[in-house]
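Just below is one structure, and these are the notes that go with it.
Every number in this text was worked out from the coordinates using simple rules, so none of it is lab data. Nothing here was measured: the structure is a model prediction, and the numbers come from that model. Here the Cβ positions follow ideal geometry from the backbone for every residue, glycine too, while neighbour counts run over all protein chains shown.
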Amino acid sequence: MVKIAPSILAGDFLHLEKDIKMVNEHADLLHFDVMDGSLVPNISFGFPIMEAVAPVIRIPMDVHLMIINPDKYIERFAKAGASLVSFHLEAADEAGKDASEYIALAHSCGVKAGLAIDPDVPVERLFPYIDQVDFFLIMSVFAGFGGQKFIEESVGRIATLKAEMDRRGIVKDIEVDGGVSLSNARTLIEAGATMLVAGSSVFKAADPAQAIAGMRL
Ligand code: DX5
Ligand code: ZN
């Protein structure tokens with residue numbers, strides 16, 4: 001069964017409680033987009049929002065770190081209540097580190113580790129980490145902003161990753177993030193996605209609960 005992870009980046013920050021109640025009732029995970037203005041050209045939010053949400057959220061918090069040097073902060077996000085933490089392979093490249101270090105660190109903090117890539121990173125670069133991660137995050141827009149148009153080539157990238165996992169007989173989650181909506185959910189699930197992040201298509205919908213339900217089909 002696919003998991004739906006609404007991205008609170010598209011939520012109503014003046015009335016967050018309303019959005020949290022909705023996701024508690026209807027979604028599987030709550031996705032937090034943390035941006036530092038360095039790895040990506042935008043700044044979003046960090047610990048204060050997570051810490052405010054933590055006492056009232058009843059579904060796992062899925063933190064997507066679009067930041068350089070994620071190893072400096074993984075432990076703090078774990079302590080702030082994250083159950084899943086993803087970080088970018090590009091961040092490891094920039095630091096001259098192996099992403100395996102970040103994965104091991106996340107595990108030592110008791111959270112599920114996800115490795116993310118932007119649309120211009122060859123999906124084959126994820127293959128060495130299939131054994132290590134709990135999930136992969138395939139960006140279907142360039143990380144940095146909500147509300148962008150879905151990049152169609154992402155479907156083939158998910159299928160390629162899924163085929164490699166099948167070949168090795170390994171089952172790991174594949175999360176897809178960016179421009180996900182009712183119009184592409186089915187295609188993404190058929191390609192192998194098991195977690196759908198959806199910001200605008202949930203929170204800007206007239207009926208967010210119905211938008212979530214529709215993507216499960
Ligand atoms: C983009 C973020 C996404 C984004 C999704 O950098 O990682 O999670 O918030 O928003 P939509 O669904 O509006 O593309
Ligand atoms: Zn995200």
Residues of region 167-211 with amide N under 17 Å of the 7 Å Cα→Cβ point at residue 24: 209
Which net charge results for the neighbourhood of residue 145, defined as the other residues with beta-carbon distances under 13 angstrom from its beta-carbon, given Lys and Arg at +1 and Asp and Glu at -1? -2
Full-stretch length increase - residue 149, residue 17 - with 0.36 nm per residue and alpha-carbon distance subtracted: 44.7 nm
With charges only on Cβ, +1 for K and R and -1 for D and E, what is the dipole size of the chain about its Cα centre, in debye, rounded to 20? 480
Calculate for the chain the 222 nm mean residue ellipticity that helices alone would give, adding -39,500 (n - 2.57) per DSSP H run of length 4 or more and normalising by residue count, nearest 500 deg cm²/dmol. -9500 deg cm²/dmol
Eight or more residues apart or on different chains, and alpha-carbon atoms under 14 Å: count the Lys pairs in the chain matching that. 6
Within region 1-22, whose backbone N sits under 15 Å from a point 7 Å along Cα→Cβ of residue 182? none
Quick check: pseudo-label points 7 Å beyond the Cα along Cα→Cβ at residue 217 and residue 94, how many nm apart are they? 4.1
